Structures are given as C-alpha cells and as structure tokens.
Amino acid sequence: MKELIFTKDSAWLKKWDEFLVNNPKGSHLILSDWLKSYKSYGFDFELGLVLENDKIVGGYGAVIPKFMFFKFYIIPHGLVYDSDYEHLFETHVPEIKNRAKQKGCCYMQISVPLSSNKMIHANTYRPQDVSFLEPILKKGKLFNYVYSGYGLNWVELQGFNEEELLNTLKSNTRRDIRAGLRKHDAFRLLTTESDIKRAYQLCQQNADEHGYALRSWTDFKTTVLDLIEKGIAHFIGVFKDEDQKGAVFIVQSGGFYTYIFGGTKREHPNLLSGYVLQWEALKMSINKNFNGYNISMGGSRGVLNFKSKFSTTAIPYENPHYHSVLNGFYFKLFLFLDKYLEPYKAKISKVLSKLSR
C-alpha cells in the first residue's frame, strides 16, 4: 500500500503543481499557491502526497482554518490520483481522518468531484466509484468558510478549430465577438507587476460595482504573480489606443483553463470587451489542445446569461461534500458561536466573502 506523506516543503510543492496541471481531476483550488493564499487570513495548509519511487502518483491539498481555538481540516477538491492508483482512495480516507485529529482539528471536510455526465467523465469520479466514503464520512458540509468546488461550466473543445468553434455559437454572439475584435487594437498576456496590478484594480472596480467580493490586491498579489511567473495562470488584457479596456484571469489545472475573474470598462458605445476576452481564452485553450474550457459556475443572472452565450454546459457535481466531526464538544461550540455571536460571525463572514472568489 502506498502511504501518504505530509509536507509543505517547497520542492514537493513545485512537483505537486506540475502533477495537478495536467491530471484531469486536478483543480486550481489545491494548487500550492492557492492553498498558501489563505495564510493572509491566519490559516495554515499542507499537502498529503502519495509517492512511488519519489514520484507523486496521488494526493490532496488541505486548508487548515483557525478561528480562536478552533481548527478545521478542509480538502476543497480531491483526492487526485494517476488513473492506475485511484483504488487507493478508499485506504487513504481513514489516514486523513487520523491526520486531522493529530493536527488538533475538530472537524474535517472533503469535496469530491462527482458526476455521471460523460462530457467530463475524465475530470470526475462517478458517484458509485466512491460509495466507500459514506461509512467513513457523512454526506454534506457543515463548514462554509473555505471555498470548495461544486461543478464545471464547460465549453467542449475537443475536435474543434477556432473557426469551427466560432460557428457553433449563436449568430448574435459571433457578431459581438467579431465587432469586439474590430474595436480593439491589441491583446496581450500581462507579465509585469504594474500591468497586472492595473488589471486587478479594474477587476476590483467591477466587483465593487456589481456587489460581489474580490480579495484585496495586497492579500492576493503574491498568489497572482507567482501563478503567472510559473506559467500556470495568465492575465489577458485587451486594449484600444494603449488604454486597457478589460482583463480576465485564467488558471490552468486538470488539463484545462478555468476562468477565475475579470473586468471591463463601462463605455458608450459598448466595446464588447468581455466577448473578446473570453474568445481569447477559448483560442488559447484550443491552441493548447485542451478538451474544454471551464468558464466557471456562479455569478449574477446577467453574468450567467453572458457565459451561456459561449455554448456552455453547466454541470454541478452530484452531492460532492463529505465530513466528519472529530471533536463534538468543540465543533458544537463553534456552531453556537457562529450562529449566535454576531461580532464573531461578522468577522468570519467577511473572510468567507473574500475567500469565495
């Protein structure tokens, strides 16, 4: 049996990211830089790795939130294995529970990508494949302060070139993409800190205008810059007369790009920058020979309507969350405080709103 090792060693973090980028069940939520981003809120993290001859063949990333004297062990996505090692999943779950207890956590939670949809069969487990989980863990989640994956908003790309993909879109969408391309004169990947910061500030401005939270540049700067430097993420900027009109941030994992956030300037006439930026992300995905693009779940009604124009299929995971209460007294006390002590509740709710983006 392959055993788990637990680590935050920088060399293993690098190898873990390389493992996740192309493993079809990988997710940006457990990339090392994403896990480390929680440190700005006082949270800890670690990797659990399955090794064979010093090569990673499976594992997970865990966030370890700390509130007052409470600790929790949260796996936002996974576990992730090479295909020949997925049978080890069942043997590792009890080890993870023991690890969470050793870390002094009162609760553990795991979110498994589960789907019967054949379109994303390589990226998910079938529910029947993880039937072993329920005797060990209970279904559902009781802790909401770490964002966990709950589905893919998928654009199927397999077998398409750019022109063929464009022709699958509705005529109004094709028109808006082509019009947007004519209205802009430059598209480029942003690489300098000043350009990336400017793009992020534009995204923050959009978040403020539309009433959703985005982590501050101070809190998230290191994560964004490190992911871009490693080539795992890209900030795509669109320009007219050297004035930046919009930007989107995408991250690679699982053998595809996921749209994380973006923003455009509101101008009249409408430059259709959002259409151009998503089209550029799709083109990059095709050029990388990816099977699909995850334009991401969630958003306002207007945002969801916009995303749907790119021939998306929203695929929610099927009851992906499992948990175990490891210390009943402490966890019940936490639930009491969470429910009844407003100052404390406001504090952790503020953290949640930022970490959910």
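We did not get these values from a lab; they are worked out from the coordinates using the rules stated. What you see is a predicted model, and the numbers here were worked out from it, not measured in a lab. Because the Cβ atoms are built from the backbone with ideal geometry, glycine has one as well, and the counts that use them run over all protein chains shown.
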(request) Name the shape class, rounded, prolate or oblate, that the alpha-carbon gyration tensor gives for the stretch 158-287, where a ≥ b ≥ c are the square roots of its eigenvalues, rounded holds for a/c under 1.5, and otherwise prolate holds if a/b is larger than b/c and oblate otherwise. (result) oblate
(request) Determine, at each q value in 0.13, 0.17, 0.21 (inverse angstroms), the log₁₀ of I(q)/I(0) that the Debye formula gives when each Cα of the stretch 232-289 is one equal point scatterer. (result) -0.34, -0.55, -0.77
(message) In the chain, if the dipole is taken from +1 on Lys/Arg beta carbons and -1 on Asp/Glu beta carbons about the Cα centre, which of HIS121, GLN278, LEU304 is farthest to the positive end?
(response) LEU304
(request) Report, by chain and number, residues whose modeled amide H sits under 5 Å from the one on ALA233, excluding near sequence neighbours (fewer than 5 apart, same chain). (result) ILE228, GLN252
(request) Return P(r) of the stretch 83-196 (all Cα-Cα pairs; 10 Å bins starting at 0; whole %; ordered from short to long distances). (result) 9, 24, 24, 19, 17, 6
(message) To check my understanding: the extent here is largest minus smallest coordinate of the Cα atoms along each principal axis. What are those three numbers for the stretch 291-337, in Å, largest first?
(response) 49, 25, 14
(request) Run through the DSSP bridge list for the chain and note the antiparallel percent, rounded to the nearest 5. (result) 90
(message) I need the GluC sites (Glu not before Pro) found in the stretch 1-79, filtered to DSSP loop residues with at most 13 other beta carbons within 10 Å of theirs.
(response) GLU3
(request) Please report, in debye to the nearest 20, how large the charge dipole of the chain is about its Cα centre when each Lys and Arg carries +1 at its beta carbon and each Asp and Glu carries -1 there. (result) 1120
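I need the calculated FRET efficiency for the pair ASN270 and THR218, taking r as the beta carbon distance and R₀ as 35 Å, to the nearest 0.05.
Step by step, r from the Cβ atoms, then E = 0.65.
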(message) Could you order the peptides 142-154, 244-256 from most to least packed, using the average number of other C-beta atoms within 10 Å per residue?
(response) 244-256, 142-154
(request) Can you bin the stretch 142-205 into rounded, prolate or oblate? Criterion: square roots of the alpha carbon gyration tensor eigenvalues sorted a ≥ b ≥ c, rounded for a/c under 1.5, prolate for a/b above b/c, oblate for the rest. (result) oblate
(message) Name the residue from TRP154, PHE331, SER10 whose Cα lies farthest towards the positive end of the charge dipole of the chain, charges +1 on Cβ of Lys and Arg and -1 on Cβ of Asp and Glu.
(response) PHE331
(message) Within the stretch 176-217, list the residues whose amide N lies under 18 Å from a label point set 7 Å along Cα→Cβ of ASP241.
(response) 180-187
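For the stretch 178-266, which GluC sites (Glu not before Pro) are in a loop by DSSP, counting at most 12 other Cβ atoms within 10 Å?
Qualifying residues, ordered by number: GLU242.
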(request) Report, please, the projected area of the stretch 1-150 averaged over directions, based on the convex hull of its C-alpha atoms, in nm². (result) 8.8
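What is the stretch 71-148's relative contact order, in percent, from Cα pairs under 8 angstrom and six or more apart in sequence?
Reported as a whole number, the value is 39 percent.
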(request) Give me the Kirkwood hydrodynamic radius of the chain, using the inverse of the mean 1/r over all pairs of distinct Cα atoms, in Å to one decimal. (result) 21.3
(message) Of the candidates TYR38, TYR340, TYR125, which one comes out as most mobile in a Gaussian network treatment of the chain with C-alpha springs shorter than 10 Å?
(response) TYR340
(request) Work out the length of the dipole vector of the stretch 1-157 about its Cα centre, built from +1 on the beta-carbon of each Lys and Arg and -1 on the beta-carbon of each Asp and Glu, and round it to the nearest 20 debye. (result) 680
(request) Please state the charge dipole magnitude for the stretch 203-265, taken about the Cα centre, from unit charges on C-beta atoms (+1 on K and R, -1 on D and E), reported in debye and rounded to the nearest 20. (result) 140
